[in-house]
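A quick write-up on the structure given underneath.
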Amino acid sequence: MSPRNIVSAGPRRGQGSPRKQPREAAASRRQSTREQLLETAGQVFSEKGFSGATGKEICERSGANAAAVVYHFGGMDNLYRAVIQEARSRLAPSEALAAAVAAETDPKAKLTAFIGLLVRVLSGPVSATWAARLMSREVIAPTAIFDEMRNKEMRARAGILRAIVGELTELPEDHPAVARSCINIMAPFGVLLLISPQRIEKTFPILSFGPETAEEFTRHMVQFALGGLAAIAREARSTR
């Protein structure tokens, strides 16, 4: 084969031409910019809230141009929705809880799976990130945008927990005692979201609250919940 033939033997149009590469690189850059905006926005929103944050600051801190928020998200409202959804995905969403519970058949094991997943997440590294701080801020002063997600998420979690409590107490899921018991079980996690593990350790120095003690805390919370549920079930049966 002559040198001329060798030179002309490169890829032809329509046969794996490298002309696609610039397009793929541009798509990769757009995705990278979007992810960086989302992460930076999460940090800014967690520090200043939705009303205190500006698109200009988010773009500057992420190294993007001033129009990036509108280009990638269509505006601040949609950016905040995306940030809230990202925070939700990092903090044991209802889908993850449902999957953990579905893997068990015994009601006590279901309760352990439900509580255990929440304990592991809220005592793990994510508790020190913007996702936890933003959700904590929203619990104290919820925005209208957050309410859209919160209502759906709370109904989903309540449905999972009501079924477990109903099994354990042998009461109908719509019984008032079941609803009250669900609130009792979920309330500590609201406290953990509002008060970081570091603050808990300062308040109770005897405790070490982190991933290494998640199993012990789960066992304690399950035992505490089972004791309360047993008492509630006895009382409900005695008044029938």
- Message: From the list Val121, Val139, Val126, Val165, exactly one residue is at pLDDT 95 or above, part of a helix (DSSP H, G or I) and open to solvent by less than 90 Å² (accessible area, probe 1.4 Å). Which is it?
- Response: Val165
- Which residue, of Ser208, Ser181, is in a helix (DSSP H, G or I), polar (S, T, N, Q) and out of contact with any strand residue (DSSP E or B) (no Cβ under 9 Å at 6 or more places or on another chain)? Ser181
- Might you check whether a residue that is at pLDDT 95 or above, within 30 Å of Ser46 (Cβ to Cβ) and in a helix (DSSP H, G or I) occurs anywhere in the range 219-232? yes
- Query: Are there any pairs, at least 6 apart or on different chains, whose C-beta atoms fall under 8 Å, with the first in the range 203-225 and farther than 13 Å from Leu117 by Cβ and the second surrounded by 13 or more Cβ atoms within 10 Å (Cβ to Cβ) and of a type in the set (Asp, Glu), and if so, which?
  - Reply: Leu207/Glu201; Ser208/Glu201; Phe209/Glu201
- Could you please let me know if Gly75 is open to solvent by 10 Å² or more (accessible area, probe 1.4 Å), over 30 Å from Ile160 (Cα atoms) and modelled with pLDDT of 95 or more? yes
- Message: Looking at the range 151-162, can you tell me whether even one residue there is over 14 Å from Leu97 (Cβ atoms) and touching a residue at least 24 places away in the same chain (Cβ under 8 Å)?
- Response: no
- Task: Residue by residue through the range 175-211, note down the ones that are farther than 22 Å from Arg88 by Cα and β-branched (Val, Ile, Thr).
- Result: Val178, Ile200, Thr203, Ile206
- Message: Out of Ala236, Ala225, Ala214, I need the residue that is in contact with a His (Cβ under 8 Å, 6 or more places away or on another chain) and either surrounded by 14 or more Cβ atoms within 10 Å (Cβ to Cβ) or closer than 29 Å to Ala141 by Cα (or both). Which one?
- Response: Ala236
- Query: Pro172: outside any helix (DSSP H, G or I) and either on the phi > 0 side of the Ramachandran plot or in contact with a Gly (Cβ under 8 Å, 6 or more places away or on another chain) (or both), yes or no?
  - Reply: yes
- Among the listed residues Glu47, Glu57, which satisfies the condition of being at pLDDT 95 or above and open to solvent by 50 Å² or more (accessible area, probe 1.4 Å)? Glu47
- Evaluate the range 86-101: report whether one residue or more is closer than 25 Å to Ile160 by Cα, part of a helix (DSSP H, G or I), open to solvent by less than 80 Å² (accessible area, probe 1.4 Å) and among the β-branched types (Val, Ile, Thr). yes
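The values are calculated or read from the model by the stated rules, or taken from the named source; none is laboratory data. Model, not experiment: these values are computed from the prediction. All Cβ positions, even for glycine, are placed from backbone atoms using ideal geometry, and neighbour counts span all protein chains on display. Accessible surface is based on the protein model in full, side chains and every heavy atom, while ligands, DNA and RNA are left aside. Shrake-Rupley method; radii C 1.70, N 1.55, O 1.52, S 1.80 Å.
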